[in-house]
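The values are calculated or read from the model by the stated rules, or taken from the named source; none is laboratory data. All figures in this text were calculated on a predicted structure; none of them were measured in a lab. Ligands, DNA and RNA are stripped out before the accessible areas are found, and what is left, the full protein with its side chains, is counted by its heavy atoms. Shrake-Rupley method; radii C 1.70, N 1.55, O 1.52, S 1.80 Å.
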Amino acid sequence: MTITDIVASTCDLSAPPAGSINILRGDAVTGPGGRWIPCATLTPSGTYVSGLFQVAPGSRQLCANHGRSVTADEALSHAVKMARSAAA
C-alpha cells in the first residue's frame, strides 16, 4: 500500500473530473509522507476542487470529493491543508 492509497482512503480522493484544468498551484509540502504539491482545479461546471500531486515516479493527480469551492483560492487553501496531512 502506498501513501497515495492511504491518503485517498481517508480523504475520499479520486482522479480529477474529465475536462478539468489546474489553475492555481501552491508550494510543495515535504515530510515523512513524501513531497506533495497542492493545486486548485477548475471543473467544467465552473466550480473548483482541491487537488494534490505526489512527487514520485508513477504518481498522478488526486482531487478531493468532499465538496467543491466557489473560488480558486478557497480550493487551494483546502489543498494546502491536505498536502500538509499527506506529508506528515
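Some notes on this structure:
- Estimated [θ] at 222 nm from DSSP helical runs (n ≥ 4, -39500 (n - 2.57)) normalised by residues in the chain, nearest 500: -9000 deg cm²/dmol
- Average accessible surface area per residue within the chain, 1.4 Å rolling probe, Å²: 55 Å²
- Short-range pairs are left out: with C-alpha atoms under 8 Å and at least six residues apart, the relative contact order of region 10-88 is 35 percent.
- Carbon + sulfur, % of accessible area of the chain - ligands and nucleic acids excluded, 1.4 Å: 56 percent
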